[in-house]
Ligand SMILES: *Cc1c(COP(=O)(O)O)cnc(C)c1O
């Protein structure tokens, strides 16, 4: 189809012109945080495997054992025959970690958000979303058919004002936010949001993809506050600190039950492979029993920030904002030459003019890795400043 390929080429050229075309780079993951690219071994600071559990021998062994016992795939949707015996254990552990009545596991975090929001809200409802929330939260919000209002990042006054103006005309209201923001590493103001939500009878839902396993003693962003605010809907992924794959929601028993019948991405998608579920179970066991491991990524992020002169991080994610996509790409290339894999994040993943290096710290980095990266980043930033002035 000539017109089809022409359309694709024209769109690619436009992306290229804006330096927004994305490319897959084959990257083998070696021992620990070594990434192998084009024959070079780089220390990766771009991985969300915060605790190194994806390559931890205990987790890998659990995956292998379950695969040998139950097979490579689930074979069907969980409502048909894909609900292998490991799911019950995983969902019970997730609920226990988050202190909720129940939990439901989805095929991925993206599938979770795409399914949860439309199952809970519809055309007569109001959905408020933080402007910097993850792309899949917006996908879920759009699919719901509810009225979607985007509030400025972490602006709780704006949430209050929106609710005061709009809550009454809506049947139900859902407030959606990342717990830890994936590109900035800051926390949602969950204490204030929970209070506002309660007062307006709105339901607060966090996406804790970057919180679980690394903050709040491993229990996630709500537990980073004292006292922990009430967050009735806590979604997350099994693919970051938990080191496996899949998504989940921790909530009350009736909400989880409703989703088992009504979340389309749950009902009409195949269950996760048994090995993946077993890996997540083994990882949760580690998270519950090894507090030093859980604390280490944030400790290393703080060590780096101190060395570079950045504000004290509250999560393992540290952004170094450089401005233009070009500058960020050049900085990432320079760090690669120095032996580090630090990915440049560009629009539309982040707002225009805030292209950045997004640096993530993991328990498996050494202090020496962190100190050498800090030296390299200081040099790169100095050169960027010199060029742009
Ligand atoms: C990674 C991420 C997701 C998607 O989770 P997957 O399991 O990778 O699909 C959702 N929300 C946030 C905030 C994320 O960072």
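Only a single item in (1) in contact with a strand residue (DSSP E or B) (Cβ under 9 Å, 6 or more places away or on another chain); (2) away from the ligand (no atom under 16 Å from the Cβ); (3) under 30 Å from residue 316 (Cβ atoms) is not met by residue 141, and it is number (2). In the set (1) under 30 Å from residue 231 (Cβ atoms); (2) modelled with pLDDT under 95, the condition left unmet by residue 89 is number (2).
Those strands (runs of 3 or more DSSP E) of the range 148-243 that lie entirely within it include none in which at least 3 residues are farther than 30 Å from residue 300 by Cα, at pLDDT 95 or above and within 16 Å of the ligand (Cβ to nearest atom). Give the residue that is farthest from residue 272 (Cα to Cα), with candidates limited to residues of the range 96-134 that are out of contact with any helix residue (DSSP H, G or I) (no Cβ under 6 Å at 6 or more places or on another chain) and within 8 Å of the ligand (Cβ to nearest atom). Here the residue is 133. Taking the conditions exactly as written (touching a strand residue (DSSP E or B) at 6+ places or on another chain (Cβ under 7 Å), in a helix (DSSP H, G or I) and within 19 Å of residue 214 (Cα to Cα)), does residue 279 satisfy them or not? Here the answer is no, as residue 279 does not meet what is asked.
Within the range 244-260, track down each residue that is assigned to a loop (DSSP other than H, G, I, E, B) and within 12 Å of the ligand (Cβ to nearest atom).
Once the filter is applied, which keeps residues that are assigned to a loop (DSSP other than H, G, I, E, B) and within 12 Å of the ligand (Cβ to nearest atom), the range 244-260 yields 244, 245, 246.
State which residue is surrounded by the fewest Cβ atoms within 10 Å (Cβ to Cβ) when the search covers only the range 261-276 and only residues that are assigned to a helix (DSSP H, G or I) and away from the ligand (no atom under 15 Å from the Cβ). Step by step, filter the range 261-276, then rank; the result is 261.
The values are calculated or read from the model by the stated rules, or taken from the named source; none is laboratory data. On a predicted model such as this, the values are computed, not experimentally measured, just so you know. Note that we place each Cβ from the backbone using ideal geometry, even for glycine, and neighbour counts take in every protein chain shown.
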